[in-house]
Each structure stands twice: as structure tokens, then as C-alpha cells.
1. Across region 313-347, which residue is modelled with the lowest pLDDT among those that are polar (S, T, N, Q) and buried (at least 21 other Cβ atoms within 10 Å of the Cβ)?
2. Given region 241-291, what strands (runs of 3 or more DSSP E) lie entirely inside it while holding 2 or more residues that are aliphatic (A, V, I, L, M) and farther than 15 Å from Val314 by Cβ?
3. Just to verify a result, which residue in region 150-161, among those that are of a type outside the set (A, V, I, L, M) and assigned to a strand (DSSP E or B), is farthest from Val258 (Cα to Cα)?
4. Would region 175-198 turn up any residue that is touching an Asp or Glu at 6+ places or on another chain (Cβ under 9 Å), of a type in the set (A, V, I, L, M), at pLDDT 95 or above and part of a loop (DSSP other than H, G, I, E, B)?
5. Return the residues of region 203-215 that are surrounded by 15 or more Cβ atoms within 10 Å (Cβ to Cβ), free of Cβ contacts under 8 Å to residues at least 60 places away in the same chain and either closer than 20 Å to Thr279 by Cα or of a type in the set (Phe, Trp, Tyr) (or both); say none if nothing qualifies.
6. Of all residues in region 276-310, how many are of a type in the set (Asp, Glu) and in contact with a Lys or Arg (Cβ under 7 Å, 6 or more places away or on another chain)?
7. Is there any pair with a first residue in region 245-257 that is crowded, with 20+ Cβ neighbours inside 10 Å and a second that is at pLDDT 95 or above and of a type in the set (Phe, Trp, Tyr) whose Cβ atoms are under 6 Å apart and which are 6 or more apart or on different chains, and what are they?
8. Exactly one of (1) over 18 Å from the mean Cα position of the chain (by Cα); (2) closer than 18 Å to Thr350 by Cα; (3) charged (D, E, K, R) is unmet by Arg70. Its number?
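The values are calculated or read from the model by the stated rules, or taken from the named source; none is laboratory data. The structure displayed is predicted, hence computed values, not measured ones. Every residue, glycine among them, receives a Cβ derived from its backbone with ideal geometry; neighbour counts consider all protein chains shown.
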Amino acid sequence: MRGTPAALAALTALIVVAAGTQGTRVDAQTRSMPQFELDRAWPKVPPQWLLGDPSSIGIDAQDNIWVLQRPRTLKPEQAKMTAPAIVVFDGAGNFIKAWGGDGSGFEWPQREHGIHIDHKGFVWVGGNNCAARALPGLKQMGDDQLIKFTQDGKPVLQIGKASASTGNADTGNLHQPADVWVHPPTNELFVADGYGNHRVIVLDADTGKFKRMWGAFGNKPVDKDECPPPSLTGVPPGKGPDQFSIVHAIRVSSDGIVYVADRENRRVQTFTLDGKFITQLVRENAPFARNLALSHDPQQQFLYVGGGTDIVVVDRKSMEIVGSIEGGGVIGGGHQIGVDSKGNLYVALTGRGLQKLTFKGLAPAAAPAR
């Protein structure tokens with residue numbers, strides 16, 4: 001795969017958020033909804049390089065897009081063209097720089113999973129390899145660590161060590177962390193931890209010191225280490241299990257609400273900063289909660305949630321589905337997504353590529369297709 005062929009899908013019109021999606025209780029047609037247009041030229045991967053599976057998107061204060069990809073997913077005959085694990089583009093798709101991979105003084109993850117650029121400009125990287133699973137090209141080591149770098153790739157802090165986790169009660173190690181988010185007002189690192197553990201853990205972003213943790217509904221997290229992890233399935237009606245399955249994404253809004261994507265249970269749960277459960281949104285009969293992103297407006301009125309073929313638009317205050325972004329060449333809900341300061345959506349979907357959905361403003365919602 002040279003660059004991202006999925007991003008070259010044909011586009012015939014604006015991608016308008018459609019109203020009336022499954023689970024909607026808000027009359028979306030009476031409100032303005034975000035519109036997007038697929039940027040078919042994004043990104044411009046240098047011709048000497050190939051990208052492996054794109055896993056995650058980080059966005060810095062300058063609206064540069066940091067793509068975390070998995071070089072070891074490329075075929076052996078493509079090794080000479082393998083790009084570094086982190087490739088940075090500007091909003092127009094122009095290449096800026098690249099770095100990442102094994103080095104001295106830190107343990108790079110075996111299977112790259114999540115990247116986040118915090119408010120101080122530091123780059124956080126984690127992985128989700130489980131030691132009991134043998135994947136081609138990977139060592140049988142558990143990604144139980146997070147690494148903090150400068151934007152030039154200098155290691156600043158490593159939290160945890162590879163293959164060192166002793167479970168959900170362990171406050172010194174992670175266990176295949178999927179995603180992180182630093183909340184600027186408190187300088188706290190919120191970790192979706194993750195594939196091996198089933199918890200949110202909060203750490204000091206400067207020192208890595210443990211502060212608190214919780215599981216689904218604010219319960220004490222319980223060990224259930226599954227390797228390989230469970231795959232997406234349907235979920236029965238009701239509130240769902242008392243424990244998280246794969247804690248796949250996390251975001252903290254500017255007003256201090258924590259949003260957690262519990263992927264296999266197809267639900268998003270919300271909490272206070274201290275871990276008190278607030279509410280949840282479940283989408284029983286379709287893939288849901290693959291990832292999360294907050295809209296760029298000051299009120300952060302929308303929460304974008306990755307589905308199967310769509311990105312679901314949720315009213316953040318009411319936690320009700322108000323629309324869906326799909327069709328027009330959109331590759332689906334993605335593996336991880338990000339939003340820049342202009343409202344543009346960036347999608348990383350392992351195995352299918354990268355996309356930029358350019359924000360075109362707010363307009364009345366489109367009626368659903370019948």
C-alpha cells in the first residue's frame with residue numbers, strides 16, 4: 001500500500017450529517033449539524049516511503065497531524081520503503097517530519113496503538129501487544145508502558161515497563177493502554193487502560209505518579225486478561241456488564257467531563273474528573289464506541305463516536321445521537337480519530353488508510369435515506 005489508497009475514494013457531494021439514525025431521540029432536523037467534505041489529496045506521503053496500518057491520530061497546537069502507524073505490518077519485501085512509526089503532516093497534507101521506533105533509554109511498543117499531543121507539546125505513545133499472542137514480526141512482549149517524548153523524539157518519561165503488569169491493581173504499570181488524554185487545567189493524564197486491564201487510570205502528567213482509577217460505572221476494576229482480546233459482537237439490551245471490556249478511547253471536555261469508549265460493549269460512559277459515573281449511551285445493534293473526538297467549537301457541543309460504517313454524532317450535553325457521518329467515500333468509523341482547531345476530522349483506520357474530512361460549517365441536517 002503506497003500512502004493511503006482508501007483516501008482516493010470518489011466524492012460526489014458534501015458529506016452531510018444525516019438525521020434519524022438508530023438511537024436518535026433528539027429531533028436533529030430542527031438543529032444545525034456539521035458538514036464535511038472528503039479531501040482526496042490528503043495526505044501526501046513522501047514517494048520513498050510506505051505506511052503500515054495507521055493506528056492513531058494526534059494533533060498539536062499548530063494543527064499539525066501526527067500519524068502513528070505500524071511499520072511491522074508491511075510485507076518483508078517492502079522493508080526498504082518502510083516509513084518511521086510517527087509521520088507528521090500539516091493540514092494540507094504536506095510532509096513535515098518523521099521519527100519513532102526502537103531506541104535507547106525507553107521501550108518502544110511492539111504494536112503501536114495510541115498517540116496524543118498534550119497542551120505542553122509533549123508526545124505520548126502507547127501500544128497494545130499482548131505477550132501470549134505471536135504476531136508476525138513482533139516479539140512476544142506485553143506493551144505495559146507509556147512513553148512521553150519531545151516533538152523531536154527525545155524520551156522524557158516512561159511510565160511502566162514492558163511485560164511487567166500484575167493486573168488492574170497495579171499502579172506502576174499499564175497493560176496494553178489504548179489511548180490517553182491530558183487535561184490541561186489539572187495536568188492529569190487520563191489513560192484508557194485498555195486491552196489487558198479494564199480501567200481508567202489517572203496519573204500526574206509530569207511525574208507519572210498514580211492519582212486514582214476506576215472501572216465501568218465507577219466500580220472497582222476486576223482482572224480479566226484476554227489474549228487475544230475479544231472481537232466486536234452484538235450486545236443484549238440493558239445497561240451492560242458491570243466491567244469494561246476494551247477501554248479503547250478517552251477524552252476529557254473543557255468543562256471536566258470524562259468520556260470513555262467501551263468498544264466491545266458498544267457504549268460510551270461519562271464520569272466526573274474523580275471517576276463518579278454520570279450516564280452512558282449504548283448502541284446495541286451496530287458497532288459503536290470505537291473512538292472519540294470532541295467538536296472544535298468553544299462549547300464542544302458534539303461528541304464524534306466511531307461506529308462501523310459511520311461516525312456517529314452525539315449531542316454532548318444530552319448524550320443522545322443526533323446524526324451520522326457516512327457515505328461519500330468515508331471509510332467508516334475508523335480506529336482512532338482526531339479533530340483540529342478548524343473542525344476538520346482526521347480518521348485512522350487500520351488496514352484501510354487515512355482520511356481528512358474537511359469541516360464545511362453547520363447546516364440543517366439531511367434527512368436519512370429510505
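1. Here the answer is Ser324.
2. Qualifying strands (runs of 3 or more DSSP E): 247-252.
3. Pro155
4. Taking every residue of region 175-198 in turn, at least one turns out to be touching an Asp or Glu at 6+ places or on another chain (Cβ under 9 Å), of a type in the set (A, V, I, L, M), at pLDDT 95 or above and part of a loop (DSSP other than H, G, I, E, B).
5. Gly215
6. The total comes to 1.
7. Filtered contacts from region 245-257: Ile246/Tyr195; Ile250/Trp181; Ile250/Phe190; Arg251/Trp181; Arg251/Tyr259; Val252/Trp181; Val252/Phe190.
8. (1)
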